[in-house]
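Here the structure is laid out as C-alpha cells; the discussion comes afterwards.
Here, each number is a calculation from the coordinates, and none is a lab measurement. Not measured: the values here are computed from a predicted model.
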Amino acid sequence: MRVLIGGAFAATDPVTGSLLPVWLDGLEGHDVCLAGPAPAALSQRFGCRAVALGSPAATARAVAACDALVFLGGPELSDRPLVPGGPPWAITAAALAGEARALGKRVAFVGVGVGELQRPLARAGARLSATRADLFVVRDERSAATLAAGGAPVPMWVGTDPVWLAALEPPAGSRPDGTVVVVLAGRSASEERLTASALAQVQAGRRVVLLPWGEHGYDAVGRAAAVLGEARVLPSPGDLTEARAVFMGAGSALATEEHARIAAGWAGVSCIDPGGRRLPAPDPSAIKAERLRAEECLRLLRVVLADGRSDEADAISGLELGPGPWPS
C-alpha cells in the first residue's frame, strides 16, 4: 500500500530523528512517502520519497497517488500555520483529509495534539479532521477535551505522543555529576526565562552546559553563552537517543521543550522549569506504559491500513477513551 505520512518533520530535528525510523520500521512492507517542510533533506536522511508539505500542488499530487494519508504526531491542530504566512494547520490538515476522502483514500491521525483554536475556521478544521478520519487518535486528554469543546464527536481514542515508540528505560546504576544541561530551541517565548534560570545555576556554583535543540537552537545558544560567560556548548542531538546520552551524565535538565524533557526522563534525570520547580523523572513503569500505548497506536494504524483484514485486529485491547466513556 502507498502511504503518505505528513507532519512537521525536519531532518535536523531530534524528534523527527527518533520518530520516523521506528514508525517506518513498523510500517515495513508499505510504500511510504513523507510530506514535510524540507523534502530533499528528509529523503536523504530517511531513505524514502518525500514531498513539500507547504506546496499545495506537490501535496495534491501526492494525495492523489497514495492509498492512505496518515498524519503522525505534530504539528498540533491549532491556529498556528505550518509555514509562515500560511493558513492555520488545523485548516490545512482538514483540507488534505477532505481531499483524500473525496478520492477514496484512507485517512488516519495518530498521536496528534490539539492546541489553541481561537479562530472559528481553525475550530471547524479540527472538528472536520476528526470526523473525516478512519482513525483518529489524540495524544493526550487535554487534546481530547479541546476538540470536544470545539464540537468534535466524543468519545475519541486517547493514545500518546508517537515518539514514545522509541522509548528507552533509564540505565541502571548511572552516576550523575551534577551538571545542569540547558536546552534551547530558539523559541523566543522561553529563551529569556531559560537564560535567566541558567545564570542563576551558574551563580549558585553549578556547572552548566548548553544544548541546542535542532538547527534553530544554535542562535539561542550563542546568545545565552554571551550572557553566561564560560559555558560549554554541545552539538544538537540527532535524535532523542543522543539527547538521552547527554542527559545521562548530568544531574538535571533545564528545559521547556517537551521532547527534551521526555529524553531526560529516558535518562532518569529530573527537569527544572524556568521557575526553579523540579520535575521528577518518570519511573520505568511509566515509561513502559507510554511505550505500550505507542505500540497500540501502531497496531491500530496497521489494522486500518489493512482494512481490518489483519491478525492484529483480535490482539488490540483498546486505548483509553476521552474526554469520557461511551454513552450508555
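Classify the stretch 98-154 from the C-alpha gyration tensor, please: rounded if a/c falls under 1.5, else prolate or oblate depending on whether a/b exceeds b/c.
Oblate shape, in that a/c is at least 1.5 and b/c is the bigger or equal ratio.
How would you classify the stretch 180-280 from its alpha-carbon gyration tensor, with a ≥ b ≥ c the square roots of the eigenvalues: rounded for a/c under 1.5, else prolate if a/b is greater than b/c, otherwise oblate?
Numbers: a/c = 1.42, a/b = 1.15, b/c = 1.24.
Rounded, since a/c falls under 1.5.
Scan around VAL32 for amide H atoms under 5 Å from its own, H built in the peptide plane at 1.01 Å from N, and keep only partners 5 or more places away or cross-chain.
Answer set, sorted by chain and number: VAL3.
In whole angstrom, how far apart do the alpha carbon centroids of the stretch 228-256 and the stretch 7-70 sit?
Computed from Cα coordinates, the inter-centre distance equals 27 Å.
ALA11's amide H: which non-local residues (gap 5+, or another chain) put their own amide H closer than 5 Å, with H modeled 1.01 Å from N in plane and none for Pro or chain starts?
Result for ALA11 returns LEU42.
Per DSSP helix of 4 or more residues, -39500 (n - 2.57); summed, then divided by the residues of the chain. What does that give at 222 nm, rounded to the nearest 500?
Here the helix-only value at 222 nm equals -13000 deg cm²/dmol.
Note the angle between two axes, namely the Cα long axis of helix 188-203 and the longest principal axis of the Cα atoms of the chain, as a number of degrees from 0 to 90, rounded to the nearest 10.
On a 0 to 90 degree scale, this one is about 30.
Multiply the residue separation of HIS216 and ALA196 by 0.36 nm, subtract the distance between their alpha-carbon atoms, and state the gained length in nm to one decimal.
Result for the pair: 5.3 nm of gain on full extension.
Between the helical axis of 217-228 and the dominant principal axis of the chain, each derived from Cα atoms, what acute angle in degrees is found, rounded to the nearest 10?
Taking the Cα atoms of the chain, the angle to 217-228 is about 20 degrees.
Taking Cα pairs under 8 Å and at least six residues apart, what relative contact order does the stretch 180-280 come out at, in percent?
For the stretch 180-280, the relative contact order is 29 percent.
Where does helix 56-65 land angle-wise versus the long Cα axis of the chain, in degrees 0 to 90, nearest 10?
Approximately 60 degrees, to the nearest 10.
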